[in-house]
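Trainee: My questions all concern the structure below.
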Amino acid sequence: MKSSLTIGELAARFGLATHVLRHWESVGLLEPSRHSGGHRRYGSADVERVTFILKAKEVGLSLDDTRVFLHAPAGADRKAVLREQQARLEHRVRTAQDALALLAHVLRCEHEDVIQCPNFRALLRTSDRSPLG
């Protein structure tokens, strides 16, 4: 890698628009150095930071959570951000599993009107989001 990249080169490397990198800078995720004329220059640490930001997005962290993680002291503060995200992901997984179970039942149900099926109605009641509780 070159010793430093322009914003266009860094954006192209990751398939991003340059405005994304500018936004990440404005919210405190990136801190590029500035060279002649105030042009941004990105080094290997910035490449690693962009890689981390993209991975954080893949696991569902918001930009705010990512900023907190990056600026928090190592240890408990960072783990708290990750524990919160883990809980959100676990909830999404449970919700998706409930939805799959409901769909599977509907597809194999022999009732003419699935809404009248007691097993279907029970599945609705056990759903986390069901107002039938």
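The numbers here are math on the coordinates, done by the rules we state, and not lab data. Since this is a predicted model, take the numbers as computed values, not measurements. Every residue, glycine among them, receives a Cβ derived from its backbone with ideal geometry; neighbour counts consider all protein chains shown.
Trainee: Which of 66, 126 comes first, and how do the rest follow, when ranked by fewest Cβ neighbours within 10 Å?
Mentor: 126, 66
Trainee: A further question on this structure: Taking the Cα atoms only, what angle lies between the long axis of helix 76-108 and the longest principal axis of the chain, rounded to 10 degrees?
Mentor: On a 0 to 90 degree scale, this one is about 40.
Trainee: May I ask you to sort 95, 6 by Cβ crowding, counting other Cβ atoms within 10 Å and putting the fewest first?
Mentor: 95, 6
Trainee: Could you work out the relative contact order of the chain, using alpha carbon pairs under 8 angstrom and six or more residues apart, expressed as a whole percent?
Mentor: 15 percent
Trainee: Report, in degrees rounded to the nearest 10, the 0 to 90 angle that the Cα long axis of helix 44-58 makes with the longest principal axis of the chain.
Mentor: Taking the Cα atoms of the chain, the angle to 44-58 is about 10 degrees.
Trainee: What number, in percent, do you get for the relative contact order of segment 26-69 if the mean sequence gap of Cα pairs under 8 Å and at least 6 apart is divided by its residue count? Numbers along the way, then the final one.
Mentor: Values: 25 pairs, mean separation 16.5, N = 44.
Contact order relative to length: 37 percent.
Trainee: Counting Lys +1, Arg +1, Asp -1, Glu -1, what net charge surrounds residue 81 among other residues with beta carbon under 13 Å of its beta carbon? Walk me through the numbers before you get to the answer.
Mentor: On the way: positive: 67, 78, 79, 83, 88; negative: 64, 65, 77, 84.
Local charge sum for residue 81: +1.
Trainee: I would also like to ask the following. Helix-derived [θ] at 222 nm for the chain: sum -39500 (n - 2.57) over DSSP H runs of at least 4, divide by residue count, nearest 500? Please report the intermediate quantities before stating the final value.
Mentor: Working: 6 runs with 83 residues, N = 133.
Using -39500 (n - 2.57) per qualifying helix, the result is -20000 deg cm²/dmol.
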